[in-house]
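Just below is one structure, and these are the notes that go with it.
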Amino acid sequence: MTTTRVLVTGFEAFAGAASNPSDEVVRRLVSVPQPELAEAGVEVRGVILPVSYRASGPALMAAIEAHAPDVVIALGLAEGRSGITPERVAINLDDARIADNDGDQPIDAAIEEGGPAARFSTLPVKAIVAALTEAGLPASLSLTAGSFVCNHVAYLVGGAVERDPGLRGGFIHVPATPDLVPPGSSVPTMTIDELERGIRLAIMTAVRTTTDAKVAGGSIH
């Protein structure tokens with residue numbers, strides 16, 4: 001059986017939060033046996049990235065070099081979203097509404113001077129959404145990864161893919177878990193068990209699907 005190596009990245013906590021569900025999902029995927037993935041010949045490696053414009057890129061590239069993955073799936077928190085949202089595009093822009101964990105707050109700065117304005121995910125994003133929806137997990141396609149460190153990493157994943165034709169990759173945002181929102185809050189959440197299940201399914205779909213589903217997934221506004 002051919003082994004497919006998947007690097008999954010998450011982020012540390014930021015903005016005063018006690019945790020980050022993307023961190024927990026990655027830790028679960030690499031510390032808890034995953035029979036379904038193993039039987040499919042999928043080997044998962046994980047790394048937690050700093051919420052830092054300066055440090056996240058070097059940490060990401062070091063992980064790619066160390067693990068030599070076939071697929072990179074970067075995860076991040078998007079509090080307020082109601083489901084798991086694969087990102088279709090990352091833009092060449094750092095524009096921070098809040099400071100990162102190093103205290104940096106770039107405004108209208110290019111991630112790569114002279115780089116393309118945008119880079120598209122090479123994950124089967126529509127197929128992932130379809131698989132999650134079929135499994136009863138809330139999911140939708142996203143056309144913006146924002147302009148904080150999540151977008152920064154998503155753009156750099158795209159750059160790594162451009163340099164290595166054998167690599168595929170992209171970014172997936174996950175919603176908040178119940179522990180991150182005050183009791184009675186209207187902010188939508190998913191449990192960490194649901195998120196782990198969803199990302200495990202996203203990994204399986206990414207490994208099995210090289211041509212994305214041809215279904216409607218755009219946005220009116």
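The values are calculated or read from the model by the stated rules, or taken from the named source; none is laboratory data. Fair warning: this is a prediction, and the values are worked out from it, not measured in the lab. Here the Cβ is made from the backbone with ideal geometry for all residues, glycine too, and neighbour counts use every protein chain on show. Quick note on the areas: whole protein, heavy atoms, side chains included, nothing else; ligands and nucleic acids left out. Shrake-Rupley method; radii C 1.70, N 1.55, O 1.52, S 1.80 Å.
Restricting attention to the range 85-113, the residues being free of Cβ contacts under 8 Å to residues at least 24 places away in the same chain, part of a loop (DSSP other than H, G, I, E, B) and either touching a Leu at 6+ places or on another chain (Cβ under 9 Å) or at negative phi (or both) number 6. Among the candidates 57, 41, the residue that is in contact with a His (Cβ under 9 Å, 6 or more places away or on another chain) and farther than 19 Å from residue 195 by Cα is uniquely 57.
The set of residues in the range 5-36 that are surrounded by fewer than 16 Cβ atoms within 10 Å (Cβ to Cβ) and of a type in the set (Val, Ile, Thr) comprises 30, 32.
One line per residue, one yes/no per condition, for (1) crowded, with 24+ Cβ neighbours inside 10 Å; (2) under 16 Å from the mean Cα position of the chain (by Cα):
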{"site": "82", "(1), (2)": "no, yes"}
{"site": "112", "(1), (2)": "no, no"}
{"site": "129", "(1), (2)": "yes, yes"}
{"site": "140", "(1), (2)": "no, yes"}
{"site": "146", "(1), (2)": "no, yes"}
{"site": "157", "(1), (2)": "yes, yes"}
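Residue pairs, Cβ under 6 Å, 6 or more apart or interchain, first in the range 127-155 and without any contact (Cβ under 8 Å) to a residue 40 or more places away in the chain, second not in a helix (DSSP H, G or I). List them. These pairs meet every condition: 133/139. The test for being within 14 Å of residue 72 (Cβ to Cβ), crowded, with 19+ Cβ neighbours inside 10 Å and either basic (Lys, Arg) or modelled with pLDDT of 95 or more (or both) holds for residue 168. Only one of the listed residues (133, 191) is open to solvent by 10 Å² or more (accessible area, probe 1.4 Å) and in contact with a Ser or Thr (Cβ under 7 Å, 6 or more places away or on another chain). That residue is 191.
The requirement of being in contact (Cβ under 8 Å) with a residue 24 or more places away in the chain, more than 28 Å from residue 97 (Cβ to Cβ), in contact with a strand residue (DSSP E or B) (Cβ under 6 Å, 6 or more places away or on another chain) and not hydrophobic (A, V, I, L, M, F, W, C) is not satisfied by residue 21.
Scanning the range 120-168 for residues that are within 14 Å of residue 71 (Cα to Cα) and hydroxyl-bearing (Ser, Thr, Tyr) turns up 121, 122. Taking the criterion of being open to solvent by 10 Å² or more (accessible area, probe 1.4 Å) and in contact with a strand residue (DSSP E or B) (Cβ under 6 Å, 6 or more places away or on another chain), would at least one residue in the range 202-215 satisfy it? Yes, the range 202-215 contains at least one residue that is open to solvent by 10 Å² or more (accessible area, probe 1.4 Å) and in contact with a strand residue (DSSP E or B) (Cβ under 6 Å, 6 or more places away or on another chain).
Taking the range 1-84 and the strands (runs of 3 or more DSSP E) fully enclosed by it, the elements with 2 or more residues that are charged (D, E, K, R) are at 42-49. In this structure, does residue 89 turn out to be open to solvent by 10 Å² or more (accessible area, probe 1.4 Å), more than 24 Å from residue 177 (Cβ to Cβ) and in contact with a strand residue (DSSP E or B) (Cβ under 6 Å, 6 or more places away or on another chain)? In short, yes.
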